[in-house]
Amino acid sequence: MVTIHETELKEAILLGISKAGELDRPILVSEIKKAGAMEPLSFFNNGNDAFFGERFYWKNPDGSFYITGMGIAAQLSSDKAVDRFSAIDLKWKQLVQDSIISNPHQVPGTGPLMFGGFSFDPLKEKTPLWSKYPEALFHVPRFMLTVSDGDMYVTTNVLCTKHDGVSLFEKVAAERDTLFQLDKKSETKQNARLNEIMEINPAEWKEAVADAIRGLNDGGPLKKVVLARELRLFFDSKVDTGKLLGNLEDTQKTSFIFSFESGGDSFIGASPERLIKKRGNSIHSACLAGSIPRGKTEEEDGQLGGLLLNDEKNLAEHQYVVDMIRDALDGSCEKVIIPDKPQLMKIRDIQHLYTPVEGVALDTTSLLELVEKLHPTPALGGLPKELAVERIRELEALDRGFYAAPIGWMDYAGNGEFAVAIRSGLIQGQEASLFAGCGVVSNSDVDSEYLETGLKFRPMLSALGGKME
């Protein structure tokens with residue numbers, strides 16, 4: 001990696017072309033400049049015509065950090081059933097190793113960065129639903145806007161080969177000029193009208209839950225299994241993903257808001273759950289399991305929260321997550337700090353039991369190593385992990401794809417953040433699939449679990465103009 005603080009893009013590209021010839025392989029060139037004011041969602045919308053299918057969007061829960069990318073300078077993917085995390089990690093390190101980076105700012109989330117995610121279970125039989133998303137998929141954007149604590153940065157990434165010339169710079173500069181000359185205000189569009197909501201095999205799903213409960217009461221080692229189901233939505237016109245992201249930002253202010261496009265499909269969500277965040281050696285994770293609705297009044301809301309904090313089933317589910325995350329991080333961290341008792345996380349439609357996790361990673365620990373160890377948490381898979389995933393594979397008809405799996409970003413310095421891709425949906429033109437799951441334990445009730453999934457559909461469904469009956 002060569003870091004040059006004040007090199008212009010043209011000079012950096014010519015240097016990259018020369019280096020590509022010397023090493024006989026493509027070289028990534030990255031230029032980072034401070035930018036004027038621009039709304040991240042407006043930037044996302046500006047790329048709709050030229051870069052549809054090649055965009056991503058990310059907002060953290062407190063709104064202090066956004067990244068919006070478009071175009072694909074490089075793609076990293078894997079269809080391996082095993083070692084996909086380490087395969088992506090290795091490909092990323094190889095790409096960054098010989099890169100040329102002009103970055104005088106050194107702000108995490110600027111410069112070369114890959115955004116994407118992993119499927120929930122690479123051994124699950126695949127369906128056409130997720131045909132655009134391999135088992136692991138990450139994009140390095142051609143153009144990226146980063147907003148960090150109010151400051152804005154534009155990154156331009158170019159993959160240079162020995163066959164390129166100065167015309168490569170001219171092409172990239174023209175694309176960038178066109179992108180930033182567009183209207184900086186988001187175009188106001190009407191939501192596509194929702195015509196039909198179809199529950200996918202609800203009776204079969206309930207029977208799968210009942211089957212899981214019977215198995216959990218047999219006295220075997222399996223303690224919990226999470227089962228998910230799908231709603232399929234049909235609209236009168238193509239769903240505008242920029243408008244949907246805006247709706248989610250308005251209604252799910254304390255969640256991670258994300259969108260990741262691939263081949264014309266878009267995986268979008270508003271997840272309340274961080275999987276892992278890494279800045280240098282400092283790490284942050286979260287235990288999120290156990291839920292109850294919000295109240296219609298402040299008094300009712302407090303009463304429901306109190307019930308959740310004292311509910312034996314939900315506290316047991318939550319403790320499974322706490323224990324698993326502690327065990328997963330211990331071998332990769334010098335120190336892990338977890339409070340003794342959970343607190344409440346309240347979002348618009350639901351409140352959860354929540355325990356924050358902090359730690360200090362070993363110098364040899366990579367972000368994707370932590371992602372692999374933590375996925376799936378007991379809140380999304382079950383406990384023990386391997387047995388639960390096997391049971392899901394047997395019982396669940398749904399192809400989860402990227403649902404309930406890690407999605408996020410990592411930069412060239414190893415900083416990054418991944419969320420658990422829940423409260424999410426896959427947008428495909430005039431149709432959308434929404435996903436929601438629930439934790440099944442030995443004393444679960446089938447109808448109660450069914451109602452819980454209905455509650456978890458609400459964030460995406462309401463943002464798309466619908467509601468559960």
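If I fit a long axis through the Cα atoms of helix 9-23 and take the longest principal axis of the Cα atoms of the chain, what angle between them do I get, 0 to 90°, rounded to 10?
For 9-23 against the chain, the angle is about 90 degrees.
Counting Lys +1, Arg +1, Asp -1, Glu -1, what net charge surrounds Phe169 among other residues with beta carbon under 14 Å of its beta carbon?
After counting each charged neighbour, the total is -3.
Applying a 10 Å radius around every beta-carbon, put 20-30, 333-343, 375-385 in order of their mean neighbour count, most first.
So the order, starting with the most tightly packed, is 375-385, 20-30, 333-343.
Take the Cα radius of gyration of segment 268-356 and divide it by 2.2 N^0.38 Å, with N its residue count; two decimals is plenty.
Against the empirical 2.2 N^0.38 Å value, I get 1.19 for segment 268-356.
Fewest to most neighbouring Cβ within 10 Å: what's the order for Ser167, Ser64?
Ser167, Ser64
For segment 375-454, what is Rg from Cα atoms divided by 2.2 N^0.38 Å, rounded to two decimals?
Cα Rg divided by the expected 2.2 N^0.38 Å: 1.28.
About the Cα centre of segment 252-349, what is the dipole size in debye to 20, counting +1 per Lys and Arg Cβ and -1 per Asp and Glu Cβ, all else neutral?
420 debye
Do the alpha carbons of any pairs in Lys124/Lys341; Lys59/Lys373; Lys10/Lys162; Lys206/Lys385; Lys19/Lys91 sit beyond 27 Å of each other, and which pairs?
Check vs 27 Å cut-off fails for Lys124/Lys341.
Go from 0 up to the bin containing the longest alpha carbon distance in segment 160-304, width 5 Å each, and give me the % of pairs per bin.
In whole percents, the pair-distance histogram is 2, 6, 7, 10, 14, 14, 15, 12, 8, 5, 3, 3, 2, 0.
How large is the convex hull of the Cα atoms of segment 59-209 per residue, expressed in Å³ as a whole number?
Looking at segment 59-209, the number lands at 212 Å³ per residue.
If one computes the Cα centroid of segment 343-384 and of segment 75-148, what distance in Å separates the two points?
That distance is 20 Å.
For Ser282, what charge total do you get from the other residues with a beta carbon under 14 Å from its beta carbon, if Lys and Arg give +1 and Asp and Glu give -1?
After counting each charged neighbour, the total is +1.
Please report, in whole Å³, the volume per residue of the convex hull around the C-alpha atoms of segment 35-109. Each step should come with its number before you reach the end.
On the way: hull volume 11.5 nm³, N = 75.
That works out to 153 Å³ per residue.
Find the percent of Cα-Cα distances in the chain that exceed 29 Å, and round it to a whole number.
48 percent
Describe numerically, in nm with one decimal, the distance between label points set 7 Å from Cα along Cα→Cβ at Arg193 and at Asp83.
5.5 nm
Sort Val154, Val371, Val166 so that the residue with the fewest other Cβ atoms within 10 Å of its own Cβ comes first and the one with the most comes last.
Numbers: Val154 20, Val371 23, Val166 11.
Listed from fewest to most nearby Cβ atoms, that is Val166, Val154, Val371.
Any idea how far apart Thr127 and Glu299 come out in nm if each label point goes 7 Å out from Cα toward Cβ?
Distance between label points: 4.6 nm.
Could you give the length gained by full extension between Ser167 and Gln343, i.e. 0.36 nm per residue of separation minus their alpha carbon distance, to one decimal place? Kindly include the intermediate steps, with their values, before the conclusion.
Values: separation 176, 0.36 × 176 = 63.36 nm, distance 5.70 nm.
Between Ser167 and Gln343, full extension yields 57.7 nm more.
Among Cys160, Cys438, which comes first, then next, by fewest other beta-carbon atoms within 10 Å? Intermediate results must be reported in sequence, preceding the final value.
Working: Cys160 25, Cys438 21.
In increasing order of surrounding Cβ atoms, one gets Cys438, Cys160.
Could you tell me the largest-minus-smallest coordinate of the C-alpha atoms of segment 325-469 on each of the three principal axes, in descending order and whole angstroms?
50, 40, 33
Can you work out the base-10 log of I(q)/I(0) for segment 1-127 at q = 0.10, 0.14, 0.16 1/Å, using the Debye formula on its C-alpha atoms alone?
-0.42, -0.81, -1.02
Mind pulling the angle between the C-alpha long axis of helix 166-181 and the longest principal axis of the chain? Nearest 10 degrees, somewhere in 0 to 90.
50 degrees
Rule-based calculations on the coordinates, nothing more; no lab input. Predicted model, so just to flag it, every value in this text is computed and none were measured. Note: ideal-geometry Cβ built from the backbone for every residue, glycine included; neighbour counts use all protein chains shown.
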